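Working notes, beginning with the structure itself.
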Amino acid sequence: MVSYRGMFIPIALIALMASACQSNGEGEGEPAALAAADAETMARAKAALAEAMGVAKVELGPGDPTKMSTLAVLPPRPTAHEDRSLARPTVFDIVLKDGRCFAVRRETGEAYELKDVSCRALRE
């Protein structure tokens, strides 16, 4: 029989160190909102999100991106052969890093630059 009693502390320390590395805050940026929501800005933001998701185009969920620090990409609409879908929106957090605007995919933590899109820091 194997005793795990002596392994608890080393395993707990490793887990603690691993979580510290993931959430140290370095380079995460600060919450931001888009500086404008005009048609050209939104087209650029949608193009960047579509590229990040590997699709031709995206549709954004409701909300004012000049007041909120998130963008929700809606899933594709059900086809004629489907009456409902269990798909959920893909959520991106808007952050400002080194004066540039990024969308960070909440599921993966991957950051995508929103090129030619201006953001402003959002103090919550």
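Observations on the model:
- Residues of region 35-52 satisfying the condition of being without any contact (Cβ under 8 Å) to a residue 40 or more places away in the chain and either hydroxyl-bearing (Ser, Thr, Tyr) or not in a loop (DSSP other than H, G, I, E, B) (or both): ALA39, GLU40, MET42, ALA43, LYS46, ALA47, ALA50
- Tallying residues that are free of Cβ contacts under 8 Å to residues at least 24 places away in the same chain and either closer than 19 Å to GLY29 by Cβ or touching a strand residue (DSSP E or B) at 6+ places or on another chain (Cβ under 7 Å) (or both) within region 75-97 yields 1.
- Selection status of THR66, modelled with pLDDT of 95 or more and of a type in the set (S, T, N, Q): yes
- Checking LYS97 against (1) among the basic types (Lys, Arg); (2) touching a Gly at 6+ places or on another chain (Cβ under 9 Å); (3) open to solvent by 90 Å² or more (accessible area, probe 1.4 Å), the condition it does not meet: (3)
- Subset of region 38-52 that is of a type in the set (Gly, Ala, Ser) and farther than 17 Å from ARG100 by Cα - its residue that is surrounded by the most Cβ atoms within 10 Å (Cβ to Cβ): ALA50
- For region 103-124, filtering for residues that are under 19 Å from ALA37 (Cα atoms) and in a loop (DSSP other than H, G, I, E, B) leaves 7.
- Filter result (outside any loop (DSSP other than H, G, I, E, B) and either of a type in the set (Val, Ile, Thr) or open to solvent by 60 Å² or more (accessible area, probe 1.4 Å) (or both)) within region 53-71: THR70
The values are calculated or read from the model by the stated rules, or taken from the named source; none is laboratory data. None of these values were measured; they are calculated from a predicted model. In this analysis, Cβ positions are derived from the backbone assuming ideal geometry, glycine residues included, and neighbour counts consider all displayed protein chains. Surface areas here come from the heavy atoms of the whole protein model, side chains and all, with no ligands, DNA or RNA. Shrake-Rupley method; radii C 1.70, N 1.55, O 1.52, S 1.80 Å.
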